[in-house]
Amino acid sequence: MVEISFDYLRLHRQCWRLLRAVKDHCRADLIRIYGPEYLEKESQLPFVVGYVLMTATPTKQIGDLLKARLPGVQVTSKVLEDAKYVIEQMVGSGAGALVVEQILPRALDLCIEFEIEH
């Protein structure tokens with residue numbers, strides 16, 4: 001039986017770092033679309049994902065957790081593209097290698113190699 005020992009705290013920190021980077025990069029647009037209080041506290045940071053996805057859909061509000069889009073705001077994929085840019089930059093900086101190069105080899109003695117196609 002294989003026991004998986006996973007560094008959840010490290011993964012959590014990386015995810016929080018990514019969410020913060022997306023929030024900071026998309027801040028002006030998210031405030032314009034949802035208002036300055038779209039996030040009221042740090043613990044709501046995961047809601048950034050919902051807000052980013054909602055900007056690219058005609059849905060004005062999802063449930064009671066997320067604030068509704070302000071009236072007159074056009075649906076575009078700009079914020080989604082901006083979030084994509086942040087994720088690509090973070091992965092390009094080596095942050096995406098955390099699981100493949102550090103967690104899996106230590107936890108499972110498992111190494112994964114990727115071939116890059118050009």
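Here are the numbers:
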quantity	calculated
Pairs, first more than 17 Å from residue 29 (Cβ to Cβ) in the stretch 59-79, second of a type outside the set (A, V, I, L, M, F, W, C), C-beta under 8 Å, six or more apart	61/67; 61/69; 62/50; 65/50
Residue 67 vs. criteria exposed (fewer than 15 other Cβ atoms within 10 Å of the Cβ) and among the charged types (D, E, K, R)	no
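Every number in this text was worked out from the coordinates using simple rules, so none of it is lab data. In this text, all values refer to a predicted model and were calculated from it rather than measured experimentally. Cβ coordinates were reconstructed from backbone atoms using ideal geometry, including for glycine residues, and neighbour counts include every protein chain displayed.
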